[in-house]
Every structure is written in C-alpha cells, then in structure tokens.
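Structure first, then comments.
Nothing in this text is a laboratory measurement; each read-out follows from the coordinates by a stated rule. These numbers were taken from a predicted model, which means no experiment stands behind them. Glycine also receives a Cβ, built like all others from the backbone with ideal geometry; neighbour counts cover every protein chain displayed.
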C-alpha cells in the first residue's frame, strides 16, 4: 500500500540574513500600547497633516513636469531624433525620510533628477538651473556643483528641496524604472553612482521590512527618542537618519509580526546587547563585479577599525557609521540600556510613553566641558565656516579620546549662538559644548591635564582644510576653552539652563542679551586660536578666583602674569581636591597675593589687510607644521569695553554669591583687562604652544 502523499509545506518567507527571533502575533495589550505611542508622538510634530502632504505631492508633480520639459528642450538643442524625444522621459525620484514615509512637519525633501545619456551634468547646472530661476514659486535657489555629491538647493512653494543629478546610460527613462537594478550602475561616473545611492538604499530598506506601516511608526518613535537624547547626528559621530532606519528595519526582520509598541522595546533589547563591532546587515552583500569599493574588512584593512558598522543594503555596500568613535558608541549603548529599562516599565504599565521621550539635561550630566566657538564677520562666511568646523569636531573628539586621562568625550549635537563682542564690527559666531569625563587616578588628589596638543591638532586640520578649499578669510576664528558645570550656567542661554531638573542657584542664571553667551566670565581656561596666517600663537590664561581660599590647591601666585619664553607658552597651573565630590581644597599657599595682576587672555591677533593675500599665498605654498603659530611680531589688541564690563559684573556677582563661598568647584575666571594684552611669540623651533588645563577629576 503506497504511503499517502503529504502536501508540500510552504516555508514562510523570512527577511534578513537570519531567521526571525519570534513570530508571535500581537496581543490586544500591544495594540493599546501602540495607540498610546501614536498619541504621545503627535504633539512632537512627527505626523504631517493630510493637507500639507497633498501640497508636497503637488510640488513634486510640478517639479517632475518641469524636468520632463527641460529634457525635451535639451534633446531638441542636441538634435535628437523626434521619435526619440517623444519617449525620452526623465523623472524625479525621492529618497530619505520623505521616501520612507517618516518625514516630520516642515521637513525638506531629498530628490534625484534622473536623465538619459545625452543630457550632461553641465546642462543640469546651467539650463535647468536657469529654468528653475524662471519659476515664480522657486526661492533661495543655489547650486553646489563642487560638493562631494553635487546638488541644487531651493525652496519650491515654501518646501525646501535638495535635488541631486544622475545620468544613466539609457536612451530614454521609462516611468516604471526600478533604481534597485544593479545593471544601471554600469558605465556611470562615480558622482552619478553616489547620487543614485540614496534612492537605492531607501528602496532596498522598504523592500526588506515585513510590514511597512509598523516599520514607519517604530522609526518615527526611535528618531524622536534619538533627537531628544542628543545622539542624532552622523557628522558628529552619532547616527544619521539612514542608520537609525536600518537598525529599526533589522528589528522588524527579527520580529516580523510585532506592532510598533513591541518593536520599540525589542529595538532597545537587541541593540543594548549587540556585540559590536559585529556588523548590522539587512541582506547578504552581493558582488556585481563592477569594481566599486565596498565595505569588506577581509579586503580593506581600514574597515576593520570601524566600531559600530551598519551596512547599507544596496551595492556598493558602505558603512553608514564610519564617523562613530569609542565615546559616541559608549554613549549610544548606554542610552540603549536606559531605553530598555524605560520600555520595560511601559510594557508593565508602570510608566507612560512620555517618559521615553523626556530629554536629559546634557549640561548637568558632566562635571567638565569644552566650549568650542567658531566666528566670522560676514554671515555668508560664517555659514561656510560653521559647516567646516562642525564637520571636523569628530576629529577633536577622537583626539580627546586618545588622551590617557580622558575616558569619554560627548559633543552635544545642538549648537548655540555665540557671544557679541561689543565692537563696531558685526560678528557672527556659533558655539558647541563637549562634555568630558576624566579618569580617576588612585592615590592622586590633584591632576593636571594638558589638552593643548589635542585642540591644536584639531584647529590645524580645520585651517588647512579652509585654506586648501580657498574658503579661508582672515577673520575666521576658532576659540576653545575648558569650563566646569557650574560655569555653564553663565554661558548658555537662559532657556537652555531652565531645562535642568535640578534646582539651580539664584546667581546661576545670567542670561545674555538675545540668547548670546558671555565667554568672559567664570572660565577656567581658554585657548583663543588665531587664524593660520595671523602673527602670533594662541594663548591660554587663567585668573585666580576671588575666593582664593576655596577650591584651589595649587600655588598660583608664582604664575601671575609670567610666561616661559624658552617654551613659547603661557603657563597655567592649578588643581582641585579630588578626594570626594565638591570638596573644598585648602592650602596655605593657594591664595592669590594682594596686588598681583591676573593672567590675561589676549584677543585673537588681527592682521593688516595689506598682508592678508601674501600671508595666505605663503601658507598655501609652504604649509607650516602648525598653521596656528607664527613667528611674526606680536600685535597688541585691547579688550572691548563690553568684555571689561562683563568681567567686572562677573567678579562682583561672584564676591556676593553665597554659593561661591561654599562650593567645592574652583571658579576660575578669564580676566579681561582694559590694558592691551601681551602676545608671547614662540621660538622658531617651537612646533606648538603648550598649555596645561587644570581639571577636577570628579
């Protein structure tokens, strides 16, 4: 008797490179929590109104029609046969958050203009640019042709749009073109491949998740959480939008039937326990034999040093997190663990979703900070300068991580307006704040840490890049200073300080006019780094606290106004008792002597306009080992009256402050004296300025 034929069992499709962890279906409680999550997210503006969404669709339709018309006109000029012109096509594709369906209110749109082979890139930046200029709805039109990924930026009927360009090796562009086809990359130049990459990655992500709606709601929640916790910034070493999308997509692959409330919890569970640097992959990498560089640590040695690899699913596969450093990874993993603890409480009905999106106060988290200030006198120059400085801050973080006395460097992705100089010249400035954690040294109460080389290397890199890209102007400056937590209360805008959960002292909230900050008060140490073509090296100075009997445990009287010419440096010393938090250090020789003048922080040297061009040409032809140093004669620059007034006010406030008398932290102060400041010129064989920044280990 023959065996009965068993019906073939269809293996359920699974997404990703492994089988799912759980196929469990959602319960009623999960659906309720998902609805609560949606309602919690709504006030944050993560959902766009239907009317606004329709407006975006209408704008993209107009832009797509404009592209088709332009391509027809270019084809006619180039004598393309009429039969080909009728079907030549051309199309606008979208990518990024809009394509993923997770864009927020007022977000811009990332778009890609795809054209056939007879349309050149030069046409895009000439005739298409001119056609856009003719449109009444188009405002703020600008072309960035020399960028790594060339782009035209514009505002179309109030919606910000970035348009990239890709020329395919096709006679015509069909309406149903699938950009995921690897064959489209053949015979393309590298700029077109880069432009196509955004659309190809976005489309792959959407095809690799089991349920797009669950993916979208989860991604909205995770992106909002990351932004609220100051870990959303690719350029500063955290994760950008595409990286967060891939982590959420991997979570969806592992729990294909779960709804958003469960997926958010599983996201934190998976990545708080992920064994980095094992890579996150949404699919097995494929080799298309196009000889394009792909992420492969077996072949490329530099790929082996990536700390948190998240690999894009489209060829050529790349690591989207190459900017991540040891500090930023540690910070993100810690946040994953906190997120897991909070979502555990939410699933047990012990907490609400709002707790997950509570923003921690970055300015109360650390005891020590580095304040970085970038300034320029013209608004356009300032925007370019800020963009360059911000793109290099991760280098400073990397330098600080290598310091043997530093365990963590956390840069806040949010920038703040800088101070007003109080001079006749208008100046634009932007500030970033970096939290620092110092190692606790056993058996040592005092610790002097030299951060000069770390900061100097960073500023050298920025200046060299500015000069090589021919964007450098003489008034572009970088200033770095070390401050303590309590001193940030006087530097930051009032509304920022008020976010603190702690009750701040009454004298802690000194709001500057127009949200600006005062860098002249209560600063332990500062390094004013002049321009690379300036006449003198940067100086760091520190004035003793008016309460000389508290908080300072090192003799500073011998250092008042003295410099060491043989080293070409401005000396700075001081330490605090580290035996317990907020302890008061006592020393018989720590009080400043009466009549001693405080160390002065000189303003950045200003070079005469007649010397500017010759200086820049000299640096370009013969780069110095340290462009921030120069052996030119020093120029004395008097402090501004506003700085003098602020300094006097700060001193008066400190002397009258009850907190200053009892606090264990040293309130070092940068003195700004009406007298001209003195520049110290380094010896010719000196390669860098050495300055000791004093820190409290706690």
Rounded Å value of the spacing that divides the Cα centres of segment 162-188 and segment 108-160: 17 Å
Value of relative contact order over segment 47-208, rounded to a whole percent, pairs C-alpha under 8 Å and six or more apart: 24 percent
Extension gain from residue 134 to residue 344, taking 0.36 nm per residue of separation minus the Cα-Cα distance: 70.0 nm
Residue exposure sequence - 202, 461 - by fewest surrounding Cβ within 10 Å: 461, 202
For segment 1-151: rounded, prolate or oblate by the Cα gyration tensor [a/c cutoff 1.5]: oblate
Order of 251, 343 - criterion: other Cβ atoms within 10 Å of each residue's Cβ, fewest first: 343, 251
Residues in segment 174-206 that a label on residue 291 would reach, taking backbone N under 20 Å of a point 7 Å out along Cα→Cβ: 182-194
Anisotropy class of segment 247-287 from Cα gyration tensor, a/c 1.5 cut: oblate
Estimated FRET transfer efficiency (residue 404, residue 330; beta-carbon r; R0 22 Å; 0.05): 0.85
Cβ-derived FRET efficiency at R0 56 Å, residue 65 paired with residue 439, nearest 0.05: 0.35
Cβ-derived FRET efficiency at R0 41 Å, residue 171 paired with residue 469, nearest 0.05: 0.60
Fraction of beta bridges assigned by DSSP in segment 47-208 that are antiparallel (%, nearest 5): 65 percent
Shape category assigned to segment 269-426 from the gyration tensor of Cα positions, a/c cut at 1.5: oblate
